[in-house]
Amino acid sequence: MPITITQLNTDEVLRYMGCPPEKADRALRDQVEACARELLGVVRPRWSWRETSLTLEAGGVRLEGGLLLPGEDLKAHLAGCGRAVLFCATLGAEADGLIRRAERLDMARALTLDCCASAAVEEVCDQIEAELQGKFPGCSFPFRYSPGYGDLTLEVQGPLLDLLDAPRRAGLCVTSSNLLTPRKSVTAILGVSDGEIEKTKRSCLGCPAQGSCQYRKAGGHCGIS
């Protein structure tokens, strides 16, 4: 199903900017809203997904076909799940281009556009997650889990994109330093359980950036907890 986004949550963008929403004045909100409209005019969301069986083992999570996703955090997160859905999503190269052009002229505007794009790709992922959950009626799902969260390293980005045929199906690739390109993109693992599982959510305590988090230093949070 094609994914479209027509508006952004201003409060979420402000959190990405490190500003608690209640502390934002009218001028800042106007700036965010203007940049959001500009960004939404150029984004071209694309995505790809694949269902896979999984096995929990000593080194991490083994996917159907043999790929091992290493680490204890993802293994604990997927306890009770016999399957998973892998997916990737991107806003497209146009969003990256808009931000780069702004960086040459106005860094404050570029920062706002960048934060709008971060909020936009999360909105895209929320829509994708809802679409995928609808394909598994009666099942339970922990929150989606991405490389870089907990102890799941970014080194699995490339293998995940290969499994998803992402370069062809979504125009999404990975650099030699394991960063996604276009930059405003996401890979994720969504566990699927045939029975009830304990409800979990992303939290500051489990985040690898908790020690240096700019959102928490500013008195806010990134919106995932």
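The values are calculated or read from the model by the stated rules, or taken from the named source; none is laboratory data. Here the structure is a predicted model, which means the values were calculated and not measured. Just so you know, the surface numbers come from the protein's heavy atoms only, side chains and all, with ligands and any DNA or RNA stripped out. Shrake-Rupley method; radii C 1.70, N 1.55, O 1.52, S 1.80 Å.
Here are the numbers for this structure:
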| quantity | calculated |
| --- | --- |
| Value at 222 nm in deg cm²/dmol, rounded to 500, when DSSP H runs of n ≥ 4 in the chain each add -39,500 (n - 2.57) | -10500 deg cm²/dmol |
| Helix runs (DSSP H) in the chain reaching 24 Å along axis by Cα, Kyte-Doolittle at least -0.5 | 107-133 |
| Accessible area expressed per residue, the chain, with surrounding protein chains retained (probe 1.4 Å, Å²) | 49 |
| Apportionment of accessible area to carbon and sulfur, region 146-185, percent (1.4 Å) | 52 |
| Probe 1.4 Å, all protein chains present, accessible-area order of 145, 16, largest first | 16, 145 |
| Partner aspartates and glutamates for residue 135 [C-alpha distance under 16 Å; skip if fewer than 8 residues away on the same chain] | 51, 126, 194 |
| Globularity ratio of region 69-132, using Cα Rg and 2.2 N^0.38 Å | 1.57 |
| Taking N as its residue count, the alpha carbon Rg of region 1-143 over 2.2 N^0.38 Å | 1.28 |
| Most to least accessible of 107, 17 (protein chains only, probe 1.4 Å) | 107, 17 |
